[in-house]
Amino acid sequence: MSEKRIKVYTKNWKFIWIRAEELELLEQVWIHRTMQAKSVHSFYERTSKTLRNSNAISNRLTKLVEEGLLIRLTKDVSLTRAKVLRYYYRLGKPGLRLLAEQQKIELDEVTRQDYRSFLNSPVPSVHTDAMSILANQIYLNCRFEIPGMTHRRGVTGKIISRSGDGKLIRENGVIPDWIFQVDNRLLCIEMDTGSQEYKKIKEKFNGYNALHQVLKEQDYQIAVLFAVLDDSIDVVKKNKRKDRNVRVQNLNELFAEYLTTSTTSSNRLADDSRLKRVYAVSAQAAIEVGKHMLSLPEWKDDQPFHNAPLKSTQESRGDT
């Protein structure tokens, strides 16, 4: 991004200088709707040339909250009587207006209604929170290296950006948790917390296959990555989760069996045009696997995405 700063007038005709990376941060908060503080700290640490210290970041965030650009929320995540607060951020009205002024969003009635609908909504569930954290990790890992990459929450229902068809996902019976896009390649991410039955997952896979059939007619490619929640995502108590490798293995076997099962005339997935790019990995591995998939110039059905080199990538541990 450009290094220029933006002079933003606040209360009582005072003003604050907003750095280029902070404008990008506000845009990311809008995409996520609610971001955990550790994700925001991680964003600053990876993008800012001046704010790298946790205390300095916390002080700057407090300033943005005081000026209304951000809203800070808290949630008690203690398992005992002693309070343990987790912090979250949402976009304030001045932040929304700033994004519109800088042509990052279109402030139409749909946007205003969306803003009002989530402004007073509860802090996200474990599933939604975990997906937001992972999406931020993947974005930061790809930000400088994959030009033209965009990402958004799947619930917006807009999977093909150039068509403007906001109903496409819903019409085909599936709404991804998150979508990353580079040119005509769409990586749909599903956050798997381990609670969903395999029957439901198969139904979801059916929906993805139907979506694949529609997208290929418009020269779009789709891949699906199931990220199995593990301790690398800070939404669960440490050392309390089972071995996630078992879940990863079972999901991959489920997909393999589903794709190779002998079919009958009534099975619509019998032909070779069915969706083949679907994999399961741990949430920690999904960061590098996602980057590997998005960096490829094209996708082929026999590409072993799940064998991409893996690294241990963790979120920052900033608190506020």
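The values are calculated or read from the model by the stated rules, or taken from the named source; none is laboratory data. Fair warning: this is a prediction, and the values are worked out from it, not measured in the lab. Neighbour counts are summed over all protein chains in view; Cβ atoms, including those assigned to glycine, are modelled from backbone coordinates with ideal geometry. Heads up: the accessible areas ignore ligands, DNA and RNA and are worked out on the full protein's heavy atoms, side chains in. Shrake-Rupley method; radii C 1.70, N 1.55, O 1.52, S 1.80 Å.
Can you confirm whether GLY166 is of a type in the set (Gly, Ala, Ser), surrounded by fewer than 23 Cβ atoms within 10 Å (Cβ to Cβ) and at pLDDT 90 or above?
When the stated conditions are applied, GLY166 does not pass them.
Tally the residues that are under 23 Å from VAL235 (Cβ atoms) and open to solvent by less than 10 Å² (accessible area, probe 1.4 Å), restricting the search to the range 43-55.
Going through the range 43-55 one residue at a time, the tally reaches 2.
Would you kindly identify the strands (runs of 3 or more DSSP E) lying entirely within the range 13-112 that contain at least 3 residues that are charged (D, E, K, R) and more than 23 Å from ARG152 (Cβ to Cβ)?
The qualifying strands (runs of 3 or more DSSP E) are 70-76.
Please tell me if VAL123 is hydrophobic (A, V, I, L, M, F, W, C), closer than 20 Å to LEU25 by Cβ and out of contact with any helix residue (DSSP H, G or I) (no Cβ under 7 Å at 6 or more places or on another chain).
yes
Condition test on LEU107, is it over 13 Å from LEU26 (Cβ atoms) and open to solvent by 80 Å² or more (accessible area, probe 1.4 Å)?
It is false that LEU107 is over 13 Å from LEU26 (Cβ atoms) and open to solvent by 80 Å² or more (accessible area, probe 1.4 Å).
Report whether or not LEU70 is open to solvent by less than 70 Å² (accessible area, probe 1.4 Å), touching a Phe, Trp or Tyr at 6+ places or on another chain (Cβ under 6 Å) and at pLDDT 95 or above.
yes
Kindly provide the set of residues from the range 73-101 that are hydroxyl-bearing (Ser, Thr, Tyr) and either in contact with a Gly (Cβ under 8 Å, 6 or more places away or on another chain) or open to solvent by 70 Å² or more (accessible area, probe 1.4 Å) (or both), ordered by number.
Passing the criteria: THR74, THR80.
Any idea which of SER39, SER58 is crowded, with 17+ Cβ neighbours inside 10 Å, modelled with pLDDT of 95 or more and over 25 Å from LYS11 (Cα atoms)?
None of the other options fit; the residue is SER39.
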